[in-house]
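FYI, it's all coordinate maths here, none of it is from the lab. Please read all numbers here as calculations on a predicted model, not as lab measurements. Note that we place each Cβ from the backbone using ideal geometry, even for glycine, and neighbour counts take in every protein chain shown.
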Amino acid sequence: MWTPDPSIIITAEMKAAEKRASTEAAVNAERQRRILAGTVIDGVHVTGRDEDALNLTNLALVAQLRIAGGDMTTPTVYRDGNNVDHELTPPQMLALWQQSAEYVSALYEASWSIKAMDPLPEDVTDDELWPG
């Protein structure tokens, strides 16, 4: 009687593990897509491209320095993801940066929650699974 080589047998557990890994990779890709697309905060479209995030972080640092020096009014021009200029005071700039960081954190938390689901959802791009 012929016995198959065990190294070529694909078990149901192996298929399930492969499907889970594929879905988890799709969750990561969807999270990254949403980070890059960004969100609108108080009428300002903030995107998550590396250069945009670095710019916003640097502007928030300047805002903190201004606030620490008692300057609450000097505006900074921030060009958003729709190429619209916004004149923001130091407190507004700092709030924009903080809310942007909170949005990205919420996306990470959502991705972890999705990956913990059993069974995993079929459509990981469903807006119901992600923060708005």
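Tabulated data for the structure shown
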read-out	value
Candidates VAL44, VAL27, VAL77, ranked by Gaussian network fluctuation over the chain, Cα under 10 Å, top entry	VAL77
Approximate shape of region 27-69 as ellipsoid semi-axes (Cα gyration tensor, √5λ), whole Å, largest first	26, 12, 7
Within the chain, helix-based [θ] at 222 nm, where runs of 4 or more DSSP H residues each add -39,500 (n - 2.57), nearest 500	-19000 deg cm²/dmol
Kirkwood hydrodynamic radius (C-alpha pairs) into Stokes-Einstein, region 75-132, 20 °C and 1.002 mPa s, D in µm²/s	157 µm²/s
For HIS45, distant residues with modelled amide H under 5 Å away	GLY81, ASN82
Orientation-averaged projected area, Cα convex hull of region 25-132 (nm²)	7.1 nm²
Residue list for region 88-104, given a label point 7 angstrom along the Cα-to-Cβ vector of ARG79 and an amide N cut-off under 16 Å	88
Exposure proxy ranking, count of Cβ atoms within 10 Å, fewest first, for GLU87, GLU30, GLU13	GLU13, GLU87, GLU30
